1. Quick one: Cα centre-to-centre distance for region 91-164 and region 179-226, in angstrom?
2. How many percent of all Cα-Cα pairs in region 152-249 sit more than 16 Å apart?
3. Quick check: from the Cα gyration tensor, does region 10-243 come out rounded (a/c under 1.5), prolate or oblate?
Amino acid sequence: MTQTGVHQSRIRVWSTVDEVATDAARVAADAIIAGIEARGTAHVLFASAPSQEAMLAHLAQDPRIDWSAVRSLHMDEYVGIPPDAPQSFGRWLQDRLPDAALAGFSRLRTDGDVEAEVARYVALIAEARLDVTCLGVGVNGHVAFNEPDAAAFDDPDALRLVELDIASRQQQVDEGLFADLAAVPSSAVTLTVPVLLSARTMVSTVLGPHKAAAVAQALQGPVSVGCPASAMQLHPDAHWFLDGPAASRLSDAQPIERPEVAGEA
Ligand SMILES: O=C1O[C@H](COP(=O)(O)O)[C@@H](O)[C@H](O)[C@H]1O
């Protein structure tokens, strides 16, 4: 697939991180509430990343959400990381979900029998009807740990063991999560692209100038495993929430809402 600029993704650019986060959380909340209204329970897939911090803080405080009716899953985990390590994606999410959501949070543990844990999590995913995936994009265009040229958009597996791209590992250092490259695990388990995209709604929150190239490639480049985030062009209900620096390399190839510009909302 090499289509470019013909997709229906909604792109909104805001001036401040708080505005980005507020808008993204509102759309995620609407999808969660719709899931609860339709089926009594909503299933949400969360990324565990700094870009998601403010969005999740707003979402957690949304008084419209009955968190006891929300089933939360996460996307990926480093292989072998201790469950209480601050870099553990499962711990990151556990620390940020509201208390009422914790009973419904299924954590992916990789500190024991990884094969058995993958089988357990695959079964959970198979049962889930995902209402919304909340994610960001890596500097190299990865989503979860689906790395450029290693990801498959038609992957038959739901979860797989992957080696991390050097750019992904360096990103973790640059974000202050690990002291140096040697400290970043080299492998992880990740939900695959078809699973991420199986949610009814995609809420992609991307911040900062270091993401500008990946955002432009994802939204205005070809749909290609060279940029795994470009798969979102194929999703019928994908929403992108960007700050100005992250959006700085986008052209006007498709409509971009810029409510941060007075009078243009
Ligand atoms: O959703 C995701 O986004 C992050 C990129 O966000 P950042 O906050 O770390 O800059 C990505 O690394 C992660 O794998 C993905 O799941």
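Bear in mind these aren't lab numbers, they're just calculated from the coordinates by the rules spelled out. Given the structure is predicted, the values throughout are model-derived calculations rather than measurements.
1. Using only Cα atoms, the two centres lie 13 Å from each other.
2. Pairs farther apart than 16 Å: 64 percent.
3. rounded
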